[in-house]
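Below is one structure, written out as structure tokens; comments come after it.
Please treat every number below as a calculation from the coordinates, not as lab data. Since this is a predicted model, take the numbers as computed values, not measurements. Neighbour counts are summed over all protein chains in view; Cβ atoms, including those assigned to glycine, are modelled from backbone coordinates with ideal geometry.
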Amino acid sequence: MKVVRVVSLILLCSAVPPGSTIAQQNVPLGQNAALRYWSAFAEMQDSAVSDQQARELNAILDGTAPYDDLKYRELAEKNRAAVETMARGTAIPNCDWGVDYALGPDAPVEYVRKSLTLGRLNVLYAFHLLQNGDKDGAVRSLAAGVRFSHDVANGGTLFATLVAKNLLATHIRAMAFALHLGNLSAAQKSELQKALSPLGTDGLDWQSAVKREFEVPMPRLDAKTSSTLAQISTAYQSVLSDPSALPKLQQMIASAPQQLRDLIPNPQRALAEKQDLADQLGQMRSLLQ
Amino acid sequence: MPILDDEQFERYLKEFRPVAPESLQIQEQPSPARPHFAYLAWAAACVALLLVFVLWHRPRPAQPPSAPQLAGSQSQSLTIGRANALLVHAPSLREAFNELSFQPQPASQPEGKKSALAALSKENFKL
């Protein structure tokens with residue numbers, strides 16, 4: 001019996017190459033788009049703008065004001081390195097922001113805030129390229145921006161998903177502008193279609209975001225309250241795929257202890273955001289046909 | 001002195017007259033002659049002090065614009081709890097994201113200007 005154990009152990013050891021464990025650790029660590037995105041955040045360059053220009057920037061991103069290259073080319077050019085670093089990062093399929101959920105509500109998610117800024121700079125950069133006749137470059141930027149926006153939500157809570165949704169919507173508006181302005185070639189349209197394709201119908205994984213939102217360890221919850229929270233979490237996830245269950249969820253939230261009600265994002269608002277993104281994606285896919 | 005009555009004594013006192021004081025005779029002490037180099041050393045020290053003062057307080061040349069206030073250098077960092085509180089309590093998502101805006105440091109931007117990254121970090125969609 002002892003001989004059998006020793007032989008088994010030898011066989012087991014010989015089956016596992018000595019360097020495989022190290023190799024397994026190295027691949028995900030190095031091939032992580034989030035690391036490239038952090039490099040891009042570090043490369044972001046600020047510019048001084050007036051209040052009027054700040055309002056105008058938001059209006060441009062909303063699609064309610066035209067982009068004026070004379071005013072914003074400096075900002076766009078200064079951030080070329082940042083957005084290009086981000087674009088290179090989007091070629092990496094794995095994106096792990098490494099949120100330390102063990103910290104519970106104190107877990108830092110500063111990357112979400114920085115992502116919002118970088119994603120918007122990317123849209124301005126695409127406008128800058130369009131205005132200067134570089135349609136290929138603009139399409140590449142927008143396609144990369146879509147992939148980046150999707151990555152922003154990766155492994156995050158509902159908040160990260162809402163920021164990702166906003167960035168996706170901003171990029172889709174910019175695509176519509178490029179289509180309207182530039183008579184994009186079939187190849188350029190195809191590149192945009194290719195970027196939108198992996199997003200599916202909903203664009204983002206809303207259910208997973210909500211699941212993570214409710215899994216964040218909450219201090220000072222007794223067993224009964226924790227159980228109620230788990231039930232609400234399940235119902236919240238269901239509502240995102242079946243909006244008809246919204247009134248029932250709202251009733252559950254209304255009858256939950258105040259301590260819980262203070263923690264739960266408005267499901268109607270989340271549902272509206274999800275639907276809005278799905279609509280915008282559908283319209284853009286139609287335009288790109 | 002004989003004993004006088006009051007009137008006699010008064011007359012006697014009135015005979016006295018104030019005497020003008022003589023001028024004070026002070027013999028001037030011959031001061032030791034200071035060596036010439038002491039004056040020079042004192043003057044040099046004064047000039048050195050003056051130079052140090054002037055150099056210390058001279059108007060400095062205009063500083064180049066300070067490092068821009070980059071996104072995320074706000075003192076209060078974003079956490080899951082803070083983000084969640086924004087989502088729950090803000091009247092709209094737009095306001096929730098506006099709460100995330102980066103406030104440029106007063107000295108980092110010229111007067112009447114603000115950070116472009118701050119402007120871009122503000123969520124702006126309508127609900």
Between A:G155, A:G89, A:G63, find the one with the highest GNM mean-square fluctuation for chain A; connect C-alpha pairs within less than 10 Å. A:G63
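Cα gyration tensor of segment A:174-254, axes a ≥ b ≥ c as square roots of the eigenvalues: rounded (a/c below 1.5), prolate (a/b > b/c) or oblate?
On the way: a/c = 4.14, a/b = 2.94, b/c = 1.41.
Prolate is the answer for segment A:174-254, as a/c is 1.5 or above and a/b outweighs b/c.
Which shape class, rounded, prolate or oblate, goes with segment A:84-163 when its Cα gyration tensor gives a ≥ b ≥ c as root eigenvalues, a/c under 1.5 marks rounded, and past that a/b bigger than b/c marks prolate?
Working: a/c = 3.35, a/b = 2.32, b/c = 1.45.
In terms of gyration-tensor shape, prolate.
Within a Cβ distance under 11 Å of A:C95, other residues only, what is the Lys/Arg minus Asp/Glu net charge? Don't skip to the end; give the middle numbers.
On the way: positive: A:R36, A:R147; negative: A:D96, A:D151.
Neighbourhood net charge equals 0.
Filter the cross-link list A:K211/A:K274; A:K71/A:K165; A:K114/A:K194; A:K78/A:K274; A:K224/A:K248 down to pairs whose alpha-carbon distance in this structure exceeds 22 Å. Kindly include the intermediate steps, with their values, before the conclusion.
Numbers: A:K211/A:K274 15 Å; A:K71/A:K165 27 Å; A:K114/A:K194 26 Å; A:K78/A:K274 34 Å; A:K224/A:K248 20 Å.
Beyond 22 Å: A:K71/A:K165; A:K114/A:K194; A:K78/A:K274.
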Within segment A:255-286: backbone nitrogen closer than 16 Å to the A:D222 label point (7 Å, Cα to C-beta): A:256-261
Taking amide hydrogens as modeled 1.01 Å from N in the peptide plane, which residues meet the under 5 Å criterion relative to B:T79, leaving out close sequence neighbours? A:V109
What do you get for chymotrypsin sites (Phe, Trp or Tyr not before Pro) in segment A:29-59 restricted to DSSP loop and a cutoff of at most 13 other Cβ within 10 Å of the site's Cβ? none
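Could you work out, residue by residue across A:155-165, how many beta carbons of other chains sit within 10 Å of that residue's beta carbon, and then give the average as an integer? Can you show the working numbers first?
Working: counts 0, 2, 4, 3, 11, 2, 0, 6, 6, 0, 2.
Per residue, the number of nearby Cβ atoms from other chains is 3 on average.
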Can you pull a Stokes-Einstein diffusion coefficient for chain A at 37 °C (0.692 mPa s), Rh from Kirkwood over Cα pairs, as a whole number of µm²/s? 153
Of A:V49, A:V239, A:V139, the one that fluctuates the most in a GNM where chain A has Cα springs shorter than 10 Å: A:V49
Evaluate the distance, in nm, between pseudo-label points positioned 7 Å from the Cα of A:L103 and of A:R80 along their respective Cα→Cβ axes. 3.6
For a label point 7 Å from the Cα of A:S185 along Cα→C-beta, name the residues of segment A:103-145 whose backbone N is under 14 Å from it. A:134-140
Full extension between A:A59 and A:D136 adds, at 0.36 nm per residue less the Cα distance, a length in nm of 25.2 nm
Calculate the mean, over all residues of peptide A:107-114, of how many other protein chain Cβ atoms lie within 10 angstrom of the residue's Cβ. 6
Spacing of the two label points (7 Å from each Cα toward its C-beta) at A:A176 and A:D202, in nm: 2.3
Tell me, what is the Rg over Rh of segment A:135-221, with Rh the Kirkwood radius over Cα pairs? 1.13
Within the set A:N266, A:N166, A:N154, GNM on chain A using Cα springs under 10 Å gives the largest fluctuation to A:N266
